[in-house]
Amino acid sequence: MEKGWGEGRIRRLKLLLYGVRMSYLNLATHQVLLRSYEQLALLHKRKNTPKKIDSSQDAVSTSFMLTFEKEEKIIDNYVYNFPLLSLNAAIIEGALRYVLSQNLRNEINRHIEENSKKGATGKSSYENILDSFLIRLESEGGIEKLFSFYTGFLKFDISKEINRDLYRKIKILFSLRNILAHGTTLVEADPETIDQNNEAFFKQQKTLEEARKLLNQLYGEDDFLKNLSHFELPKYFMSITQEFLKEFKDKFGAKYCLSEDDSRFLDKIIKYSWGYMLV
């Protein structure tokens with residue numbers, strides 16, 4: 001693994017991945033996923049940026065090429081859009097989970113230090129509660145659950161602290177991610193023909209209602225599947241992510257602990273230029 005890497009860079013990578021002062025190995029996967037996102041976005045930009053049609057071509061050829069490219073691009077864009085949306089959501093959830101877990105670990109360490117000074121030798125009931133909460137935080141997935149952990153542990157209600165429209169759009173991103181992450185078939189149907197007795201199908205349509213409205217508003221096509229293939233969809237949600245995390249960083253950092261590592265990583269996302277590599 002280390003062949004071809006400078007020794008100093010390897011050392012820095014190890015310091016990034018493994019908390020040297022901690023008694024366990026700590027791989028911050030959301031940081032690795034950001035690198036994956038950069039690579040995939042760069043490929044998407046290079047491969048699928050819409051081409052300008054040569055105006056010197058005759059009308060029939062131009063019409064044919066537009067139709068051909070349109071159908072090809074729909075598939076090509078799905079290939080990149082879907083994993084980019086999934087990675088985007090995972091980066092947000094991972095970063096927020098890591099920030100909260102760091103705050104929780106700091107509280108555990110503070111409590112252990114205080115108890116040690118008092119001569120305590122075993123775990124207190126408070127430490128057991130914090131340990132149990134940390135296990136839940138690290139093992140129970142889902143953005144809604146994570147938001148509730150912020151409220152439960154720190155009384156930091158993300159739904160109220162963050163701009164309501166940004167919060168709504170982040171939830172839309174996660175509703176799309178939840179569909180894509182499970183490989184669920186997307187079905188587009190005339191609303192008048194939806195059988196409300198078909199619970200699974202009706203639930204999916206209801207879940208994606210907000211996403212459908214937003215994408216129609218953005219791209220003007222009254223066709224959810226076509227809107228999902230739009231070249232700039234991943235770029236749009238990354239821009240929403242940047243605004244969301246900028247506001248989170250400012251408001252959370254003003255009230256609670258935000259480590260240098262956390263702050264630096266959030267800045268990487270906030271300052272990221274879509275379709276380029278971070279230095």
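Where a number appears in this text, it was derived from the coordinates with a stated rule and is not lab data. Since the structure is predicted, the reported quantities are computational estimates derived from the model, not experimental observations. Here Cβ is always computed from backbone atoms with ideal geometry, including for glycine, and neighbour counts include all displayed protein chains.
The slack between SER124 and SER148, meaning 0.36 nm per residue of separation minus the straight C-alpha distance, is 6.1 nm. For the pair GLU221 and LEU43, a Förster radius of 35 Å applied to the C-beta separation gives a FRET efficiency near 0.90, rounded to the nearest 0.05.
Note on segment 90-188: percent of Cα-Cα distances in each 10 Å bin, starting at 0 and stopping at the bin with the largest distance, equals 13, 38, 27, 15, 7, 1, 0.
The simple spin-label model puts a point 7 Å past each Cα toward its Cβ; for TYR78 and LYS160 those points are separated by 4.3 nm.
In this label model, SER263 and GLU232 are separated by 3.4 nm, measuring between points 7 Å along each Cα→Cβ vector.
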